[in-house]
1. Is there a quick way to get the dipole size of the chain? I mean about its Cα centre, with the Cβ of Lys and Arg at +1 and of Asp and Glu at -1; what is the value in debye to the nearest 20?
2. Given charges of +1 on the Cβ of Lys and Arg and -1 on the Cβ of Asp and Glu, with all other atoms neutral, how large is the dipole of segment 105-310 about its Cα centre, in debye to the nearest 20?
3. Using the Karplus curve 6.51 cos²θ - 1.76 cosθ + 1.60 with θ = phi - 60°, work out ³J(HN,Hα) for each residue of segment 311-323 in order, rounded to whole Hz, and write x for Gly and Pro.
4. Return the sequence-ordered ³J(HN,Hα) values of segment 257-274 in whole Hz as given by the Karplus equation 6.51 cos²θ - 1.76 cosθ + 1.60 applied to θ = phi - 60°, using x for Gly and Pro.
5. Classify segment 105-310 from the C-alpha gyration tensor, please: rounded if a/c falls under 1.5, else prolate or oblate depending on whether a/b exceeds b/c.
6. Hey, what do the phi angles of segment 389-395 turn into as Karplus ³J(HN,Hα) couplings, whole Hz, using 6.51/-1.76/1.60 and θ = phi - 60°, x for Gly and Pro?
7. May I ask which of K380/K405; K22/K380; K184/K239 have a Cα-Cα span longer than 27 Å here?
8. With a 1.4 Å probe and all protein chains left in place, how much of the accessible area of segment 105-310 comes from carbon and sulfur atoms, in whole percent?
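The values are calculated or read from the model by the stated rules, or taken from the named source; none is laboratory data. All values reported here derive from a predicted model rather than from experimental measurement. Counting neighbours? That spans all protein chains shown, and the Cβs are built from the backbone with ideal geometry, glycine included. The protein model used for the area step is the full one, side chains on, heavy atoms only, and it has no ligands, DNA or RNA in it. Shrake-Rupley method; radii C 1.70, N 1.55, O 1.52, S 1.80 Å.
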Amino acid sequence: MRHIAIIGSGPAGYYSAEAAQKKFGENVSVDIIDRLPVPFGLIRSGVAPDHQSIKAVSRRYEKTNLGDTVRFVGNVTVGEDISIAELQELYDAVVLATGAPMDRVLEIPGSDLPEVLGSAAFVGWYNGHPDFRDLDPPLDAKSVAIIGNGNVALDVARILAKTEQELDGSDIVAHALDRLRQSKVEKITFLGRRGPHQIAMTPKELGELGELQRARPLVDAGDFPDIGDDAMLEPGMRKSVTHLRNFQIAAADAQSKPIEIIFDFFAMPVEVQGEGRVERLIVEKTTLDKDLRSIGTGERYALDCQLVISCIGYRTPAIEGVPYEHGRGRFANSDGRILPGLYCVGWAKRGPSGTIGTNKPDGFAIADMIDEDIGENSSKPGRPGLDAMLAGRGVDAVTFRDWQKIDKAEIARAREGSPREKFTDIDEMIAAKN
Ligand code: NAP
């Protein structure tokens, strides 16, 4: 028997549990520990609420959890309720699958104004993460600047631009839907510090922007390289760039689609300005060097806006005693091994890149590594040791069966057409299981 603790119940955590289950059969006991009483991490709190087909992957994780070898232990905060050192005493292997829930910091003057939000906060707000339920973003803004040209920037713009009808069938939380109903947003500007050939947006997601009921994407033809250069792009990127090129004709929809979504390329934000609140963003035009990095040209202009949402990537929170790479915002590791017995997977290992599926091979690689590093017969206490420690500390751990009760209660209180109405408060979640 091997005892494995996985910290974090998002995709990276569940794929690692599944891999351990497949590799070790009955000879493993896996505890997936999460600080929230509800599982699935990024699937619940990161994936856009109108992308329900992506969220359906949680059924696979549920299956993993329904076997005897894998257990969900929610409402337990590593670093507060129990330390990594204690977990290492209890388990043969500790796997950090903590994701990257913190925003990469936008380091420009004025970014501390209250209407400058990070995507972790904004996405967490509309997805009902307890940490961000009280965010109250200023949607009286008419002009919103979104910094970054990645898929998160696209999610944020789409949610801001969609009509209530277009959000039917999503699990956007009621507090966000209420605020979006009253939104005054008329103009959304993506600021990309590089050009159309350097975007990090994927074709399917970019294509959705061209299909919105009341918003039209706009690009400046002058920002594109020669069309012949598209042939050198890899196929996915070529499709994305083709979407961008097609957006050039969207200007014709001005009457029927009043919200503008403008792609401002070669545009690097350098300062947020305003008297006590955001009034404008100062942007510097850029050009690319031979390595395709952006460099400022010195030419500056002001973009009037009242809300700035920075979608420039995420960081993994450091944990005391665990080696950390500050520059890349992830744990210091060699292919997932921090040291024998301590591992990391997913964004905590790679940094915030790749799709949900990218975590699958990560999980399987870690199971192989654990097999190499750890003998078959454990002398560690494992599960009973954890339970005794948590009980002694008065921690009300949440089981998968408890989560199923919370799940049921969320489904039961859903508004018409929505799959669930999430609880956004930890006490409410706990009450629903009792
Ligand atoms: P991302 O894909 O890394 O994009 C970050 C963007 O921010 C890039 O355009 C980057 O530009 C820009 N940026 C970084 N630092 C900047 C700075 N200081 N100033 C201005 N711009 C800056 O990150 P993400 O959008 O957060 O997405 C994270 C991961 O989740 C990605 O793998 C993404 O594909 C995935 N995701 C997928 C979906 C989906 O499949 N539906 C949805 C959401 C997220 P440079 O290129 O110049 O660095």
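1. Roughly 700 debye for the chain.
2. 300 debye
3. In residue order, the calculated couplings are 10, 10, x, 10, 9, 8, x, 5, 10, 3, x, 9, x Hz.
4. 10, x, 8, 9, 10, 9, 8, 9, 8, 6, 9, 10, x, 10, 7, 9, 10, x
5. The shape class here is oblate.
6. Rounded to whole hertz, the list is 5, 5, 4, x, 9, x, 8.
7. K380/K405; K184/K239
8. Ligands and nucleic acids excluded, carbon and sulfur reach 49 percent.
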